Amino acid sequence: MPHATELTVIHHDDTHTRFRDVRYQLHRDGVRIWTADGEHAITDVLMTQAYQPAQNGESR
C-alpha cells in the first residue's frame, strides 16, 4: 500500500480534499485512505495527486 506525505483528491465538481501522512489504495470505485484519524473511503474522484517521501537523499 503506497504511502504519501500529502495526498490531494480532486472531485468531479473541482473541489479538492487534502490529507497528510497517509496510506492509500486506488480502486475502481474511488480511493480508500488511512490516516491517524481512521479510514476514509471517497468515491467522487476525478483525479489524485500523491507526494511521497524522497528516497536515498533525493531532493524535490
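The values are calculated or read from the model by the stated rules, or taken from the named source; none is laboratory data. As the structure is a prediction and not an experimental result, all values here were calculated from the model. In this analysis, Cβ positions are derived from the backbone assuming ideal geometry, glycine residues included, and neighbour counts consider all displayed protein chains.
Taking segment 11-33 as the range and being β-branched (Val, Ile, Thr) and over 10 Å from the mean Cα position of the chain (by Cα) as the test, only THR15 passes. The requirement of being among the hydrophobic types (A, V, I, L, M, F, W, C), modelled with pLDDT under 95 and out of contact with any helix residue (DSSP H, G or I) (no Cβ under 7 Å at 6 or more places or on another chain) is fulfilled somewhere in segment 48-60, by at least one residue. Applying the selection to segment 19-51, what residues are exposed (fewer than 14 other Cβ atoms within 10 Å of the Cβ) and either touching a Cys at 6+ places or on another chain (Cβ under 7 Å) or among the hydrophobic types (A, V, I, L, M, F, W, C) (or both)? Within segment 19-51, LEU26, ALA36, ALA41, LEU46, MET47 qualify.
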